[in-house]
């Protein structure tokens, strides 16, 4: 009985550890840069304004310009022109 509980605990622990990891594509992208975000504005956009469960994403014209000038990296957020908020 004790061995079964230990085995189950190991399996659950392994699943938790492997499910929280980045994909190989994300890891290779992050290795190209010295930090996780290009700037404070990039971090605010990604973490505060558009967490992973935000649908549809909130994008302003100033976000688009900042992404171009600061060379933001990572997975691109795509929206249609009518979904872009005006500043």
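Each reported figure results from applying straightforward, stated rules to the coordinates on display, with no laboratory input. Remember, it's a predicted structure, so these values are computed and weren't measured experimentally.
The relative contact order of the chain, computed from alpha carbon pairs under 8 Å that lie at least 6 residues apart in sequence, is 29 percent. Labels on offer are (i) 13.8, 41; (ii) 18.8, 63; (iii) 20.0, 56, and the one holding Rg and Dmax of the Cα atoms in Å computed from this structure is (ii).
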